[in-house]
Amino acid sequence: MTDDLACLMYLLAHDDAAEGPYDRSRTELLVRAAALIDLALRGRLGEDRGTVTVSGTEPTGDPVLDGVLRDAVGGRGWKQLVRRHRRRSLREVEDRLAAAGLLTLRAPRFRVGARRSTVTDHAVSAALRARVSAALHGDVPVREVPDADAVLVALAAAGRVRAVVSRQDQKTHRGRIDACTRRLGALAPGLEHAVRALPTTMVAAQGGMGGS
């Protein structure tokens, strides 16, 4: 399966009953944030006094990441990049998962609406959720949790993905979630701040903030 963070975040956010993400507008932002973090982990994005910097011009080979990388050129902030072209990024993630055979896409039920999607291999999703659950509930020190798993815990908590981080988890494991989120600050302080601000960003987005 593809192991880029944006695709993994989408699989965590997918709701079979909804035939798509648990909340499409929130998942757009989560997928976008995951792609930015992925690029930072790869050393392709950094930060200079709050402004996102790009390292190198060669493509990553991942169309989702390459699109986000192009968006980052021009000296923007992390929060702005989380919102920018988020709908496009979500569609690209769906297309990538479909091409990998992990997702089936179907036309919307109505003329205006999002495509419907079905996860084709539930064992993959179950294994991913087990990984993230172990990172959240386990005894391994957070500093030893793999980067990807720590990132997914932080994002699922920020996005209120209740199938991954329940309300009780949010209270009981608040310290562990906070530690996972703090790890982003080592990549870029502004990136950590952008993830912590996701709940507010999501409320604003659902109120009609642009971001095609």
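Please compute the Kirkwood hydrodynamic radius over the stretch 55-166, one decimal place, Å, based on all pairs of different Cα atoms.
This gives a value of 16.6 Å.
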Tell me the label-point distance for the pair VAL140, SER25, using the 7 Å Cα-to-Cβ offset, in nm and rounded to one decimal.
3.6
How far apart, in nanometres, would the label points at GLU47 and ARG87 be if each is projected 7 angstrom from Cα along the Cα-to-Cβ direction?
2.9
Accessible area per residue of the stretch 57-212 at 1.4 Å probe, in Å²?
51
Just how far, in whole angstrom, is the stretch 21-70 from the stretch 79-116 if you go by their alpha carbon centroids?
16
Given a 1.4 Å probe and the protein chains all in place, what does the accessible area of ASP178 round to, in Å² to the nearest 10?
50
Of the residues ALA186, ALA154, ALA72, which exhibits the maximal mean-square fluctuation in a Gaussian network model of the chain defined by a 10 Å Cα contact cut-off?
ALA186
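Specify whether the C-alpha gyration tensor of the stretch 1-124 places it in the rounded, prolate or oblate class, a ≥ b ≥ c being the square roots of the eigenvalues: rounded for a/c under 1.5, otherwise prolate if a/b is larger than b/c and oblate if not. Please list the in-between numbers first.
Working: a/c = 2.33, a/b = 1.79, b/c = 1.31.
The shape class here is prolate.
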Charge-dipole axis of the chain as Lys and Arg at +1 and Asp and Glu at -1 on Cβ define it, positive-most pick from ALA18, LEU45, GLY113:
GLY113
Under the Karplus relation 6.51 cos²θ - 1.76 cosθ + 1.60, θ = phi - 60°, what is the ordered set of whole-Hz ³J(HN,Hα) values for the stretch 38-49, x standing for Gly and Pro?
4, 5, 5, 5, 7, x, 8, 10, x, 9, 10, 6
How far apart, in nanometres, would the label points at ARG167 and SER55 be if each is projected 7 angstrom from Cα along the Cα-to-Cβ direction?
4.3
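With a 1.4 Å probe and all protein chains left in place, how much of the accessible area of the chain comes from carbon and sulfur atoms, in whole percent?
Details: 4960 of 9810 Å².
That fraction is 51 percent.
The values are calculated or read from the model by the stated rules, or taken from the named source; none is laboratory data. For clarity, every value in this text was computed on a predicted model and none was experimentally measured. Cβ sites come from the backbone with ideal geometry, for glycine too, and all protein chains shown count toward neighbours. Side chains included, ligands, DNA and RNA excluded: accessible areas come from the protein's heavy atoms. Shrake-Rupley method; radii C 1.70, N 1.55, O 1.52, S 1.80 Å.
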